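Computed from the coordinates by the stated procedures, all read-outs in this text should not be read as laboratory data. These numbers were taken from a predicted model, which means no experiment stands behind them. We place every Cβ from the backbone using ideal geometry, glycine too, and count neighbours over all the protein chains shown.
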Amino acid sequence: MATSTDPARLYTLVALIPAGQVATYGQLASILGWNPRLVGRYMASCPAGLPWHRVVNAQGGCSVRDSQGHLEQHQLLLAEGVVIKRSGRVDLRQALWSGL
């Protein structure tokens, strides 16, 4: 049976990530049975109001390609109390959402 790649499934999951926590592209892809790159592609054009900033790469890094988006993601995460290490990556040991 083919796995549905309807982006609404992804956006529903992203909306569940609580403030102060993050999920990785791979984590979301695993739940959906997708490739993490597909998650990234859909996240690049996600609907307004979705907490897009709570989705990071496997190393806890920002995958937004422009520097303004990168800075915005960090500011939004910091405002929610997410710990960002000196490397600029989210401390996944503290912030990774385990409620999936």
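A compact table of results
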| read-out | value |
| --- | --- |
| Relative contact order %, the chain, counting alpha carbon pairs below 8 Å whose residues are six or more apart | 31 percent |
| Stokes-Einstein D for segment 7-95, Kirkwood Rh over Cα pairs, 25 °C, 0.890 mPa s (µm²/s) | 190 µm²/s |
| Amide proton proximity set for residue 22, modelled H, under 5 Å, gap of 5+ | 96, 97 |
| Proximal charge balance of residue 22 [Cβ under 14 Å; K/R count +1, D/E count -1] | +2 |
| Charge dipole magnitude, Cβ of K and R +1, D and E -1 - the chain, Cα centre, debye nearest 20 | 260 debye |
| For residue 64, net neighbour charge (Lys/Arg +1, Asp/Glu -1) across residues whose Cβ lies under 14 Å away | +2 |
| Mean residue ellipticity (222 nm) of the chain, computed from DSSP H runs ≥ 4 via -39,500 (n - 2.57), nearest 500 | -12000 deg cm²/dmol |
| With at most 13 neighbouring Cβ atoms within 10 Å, loop trypsin sites (Lys or Arg not before Pro) (DSSP) excluded, longest segment of the chain | 1-64 |
